Structures are given as structure tokens and as C-alpha cells.
Amino acid sequence: QVQLVESGGGLVQAGGSLRLSCVASENIFFFNSMGWYRQGPGKQRELVASISLGGSISYVDSVDGRFIISRDTGLNTINLQMNSLKPEDTGVYFCNAKMLRSDYWGQGTKVTVPS
């Protein structure tokens, strides 16, 4: 069973930075894509950033230019560097990995940016 373990969430003031990490129990090249989703209070879960097996990267418009997704294949890890954080970035951030018809999720890590 694939396991994804996130870390790095916390409370940060607006304008600050956080770095999230997700460690996979499998070689990350096993997955078609990996990414970060978030679910804000009272909101639906949305895709924030993703990176494909081939290295293609995409961001939701609201974080483009502020967040950077990266991967470390030697550590089976993907990271999300979050800069210039805003209160609307508050939520639980989930690591996701897709393989064929399967979706795998981490337990989530909470990010709070007070207004």
C-alpha cells in the first residue's frame, strides 16, 4: 500500500513562507503525477500544484509566481515552497499521487495564515 506523509505545515504571518514536504513509500517515478491539493475552511478541495512524471509543472492561478513545486527523486519526496503567503492560502494541504486509475493521499498538513 502506497503511503504519503506530509510535513511542514504551521502558522505563519501574511507575507511569510513555509515549505511543505511529502515523502512517498514508493519510488516517485512509479507515479504518473504528484501534486498538492488544499482545502480551505468551507471550501472544496482544489489542486494547487502538480508535477508530472516527465517533469511538467502546473499551478492554480492564485498561487502562480508565489509557490514552487519540486521533487527530490533520491528521497522520494516532493516539496511545495510557499512564499508571500496570504490569508486565503489557509487550509489543509494534501499530498496526492496518481498511478493508472488509482489516487493516493496523505493525511494532510495544516497551514494557517491569519488575516
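The values are calculated or read from the model by the stated rules, or taken from the named source; none is laboratory data. Model, not experiment: these values are computed from the prediction. Note that each Cβ is placed from the backbone with ideal geometry, even for glycine, and that neighbours are counted across all protein chains shown. Heads up: the accessible areas ignore ligands, DNA and RNA and are worked out on the full protein's heavy atoms, side chains in. Shrake-Rupley method; radii C 1.70, N 1.55, O 1.52, S 1.80 Å.
Between Y93, Y104, which is touching a Leu at 6+ places or on another chain (Cβ under 8 Å), among the hydroxyl-bearing types (S, T, Y), open to solvent by 20 Å² or more (accessible area, probe 1.4 Å) and modelled with pLDDT of 95 or more?
Among Y93, Y104, only Y104 is touching a Leu at 6+ places or on another chain (Cβ under 8 Å), among the hydroxyl-bearing types (S, T, Y), open to solvent by 20 Å² or more (accessible area, probe 1.4 Å) and modelled with pLDDT of 95 or more.
Would it be correct to say that I78 is open to solvent by less than 40 Å² (accessible area, probe 1.4 Å), within 14 Å of the chain's Cα centre (by Cα) and more than 16 Å from V5 (Cα to Cα)? Talk me through it step by step, then tell me what you get.
On the way: open to solvent by less than 40 Å² (accessible area, probe 1.4 Å): yes; within 14 Å of the chain's Cα centre (by Cα): yes; more than 16 Å from V5 (Cα to Cα): no.
Spelling it out, it is not the case that I78 is open to solvent by less than 40 Å² (accessible area, probe 1.4 Å), within 14 Å of the chain's Cα centre (by Cα) and more than 16 Å from V5 (Cα to Cα).
Being in a loop (DSSP other than H, G, I, E, B), more than 18 Å from V5 (Cβ to Cβ) and of a type in the set (A, V, I, L, M, F, W, C), is that true of even one residue in segment 95-110?
Taking every residue of segment 95-110 in turn, at least one turns out to be in a loop (DSSP other than H, G, I, E, B), more than 18 Å from V5 (Cβ to Cβ) and of a type in the set (A, V, I, L, M, F, W, C).
In segment 43-53, how many residues are open to solvent by less than 80 Å² (accessible area, probe 1.4 Å) and either of a type in the set (G, A, S) or closer than 18 Å to F94 by Cβ (or both)?
Total meeting the criteria: 7.
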